[in-house]
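Note sheet for the following structure.
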């Protein structure tokens with residue numbers, strides 16, 4: 001009797017565990033798109049501090065260009081948007097662990113990152129821009145690369161690496177931080193400064209008439225939306241949205257809002 005009862009209980013427990021396991025298998029096999037549509041919430045991982053893509057306002061809300069794009073994608077999916085602030089280095093691990101559905105954090109698409117995540121098409125092209133003082137005669141980036149000129153960079157940055165590679169004739173001079181390098185260009189102590197385009201655009205807005213961002217980029221970086229590896233259905237969905245978004249009135253309005261206007265800075269929590 002005890003043996004029969006034990007055998008019966010084993011069957012019941014095994015069946016229960018199988019049923020639980022089946023539920024997990026279903027969840028694991030769900031695409032992000034299916035999960036979001038079912039739960040009606042899109043969870044986006046980001047890392048505040050990359051102006052004007054993502055930053056906290058004075059009320060503690062995450063704002064920025066990326067957040068507006070994320071909201072548009074959530075609307076397209078019929079879901080509410082939830083944003084999680086994470087360390088930049090934990091964004092991809094959190095995505096693959098299922099803690100967030102997408103990563104939208106000014107993340108550059110690289111071959112190394114493609115090994116662990118899927119990327120939708122680039123939603124924004126940025127890179128290393130060049131800024132000169134108001135009295136500079138340079139009209140194009142090539143005009144600064146002349147013998148006798150000094151080009152400022154912040155030590156250890158992508159701009160420093162790119163300048164060392166691309167600047168052939170001028171001397172690259174390293175500074176401890178971007179504000180110091182930018183001020184050197186503004187005061188004419190160097191011919192130009194090379195740095196991230198968004199930061200240069202903001203500096204130009206803050207110092208109207210004192211500096212000029214030259215057209216073009218010394219090097220370009222494509223920013224992408226990261227999706228869990230293998231989830232091509234969600235990637236395809238986002239790409240369809242991006243086809244509508246890029247070149248649209250909506251994109252132009254967002255770029256004007258975040259890149260051609262400094263009003264939003266008054267609402268940023270800089271602590």
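Within the range 93-113, being more than 21 Å from residue 196 (Cβ to Cβ) and touching a helix residue (DSSP H, G or I) at 6+ places or on another chain (Cβ under 9 Å) holds for 98, 99, 100, 101, 102. For residue 105, the criteria (1) touching a strand residue (DSSP E or B) at 6+ places or on another chain (Cβ under 7 Å); (2) within 24 Å of residue 52 (Cα to Cα); (3) not in a loop (DSSP other than H, G, I, E, B) hold in every case but one, which is (3).
If you filter the range 121-145 down to residues that are crowded, with 19+ Cβ neighbours inside 10 Å and in a helix (DSSP H, G or I), you find that the one that is farthest from the chain's Cα centre (by Cα) is 144.
Selection of strands (runs of 3 or more DSSP E) fully inside the range 155-266 by the criterion of at least 1 residues being over 30 Å from residue 33 (Cα atoms) returns 171-175, 192-196, 211-213, 219-223.
For the range 72-90, filtered to residues that are farther than 17 Å from residue 56 by Cβ and in contact with a strand residue (DSSP E or B) (Cβ under 9 Å, 6 or more places away or on another chain), the residue that is modelled with the lowest pLDDT is 90.
Of everything in the range 49-71 that's under 11 Å from the mean Cα position of the chain (by Cα) and part of a loop (DSSP other than H, G, I, E, B), which residue is modelled with the highest pLDDT? Selected residue: 64.
Scanning the range 217-270 for residues that are within 24 Å of residue 45 (Cβ to Cβ), crowded, with 19+ Cβ neighbours inside 10 Å and in contact with a strand residue (DSSP E or B) (Cβ under 8 Å, 6 or more places away or on another chain) turns up 221, 223, 224, 225, 226, 227, 228, 231, 234, 235, 238.
Here 118, 89 are screened, and the one residue that is in the same structural domain as residue 239 (by TED's automatic domain parsing) and surrounded by fewer than 15 Cβ atoms within 10 Å (Cβ to Cβ) is 89.
The values are calculated or read from the model by the stated rules, or taken from the named source; none is laboratory data. In this text the structure is predicted, and so the values were computed from the model without any measurement. Because the Cβ atoms are built from the backbone with ideal geometry, glycine has one as well, and the counts that use them run over all protein chains shown.
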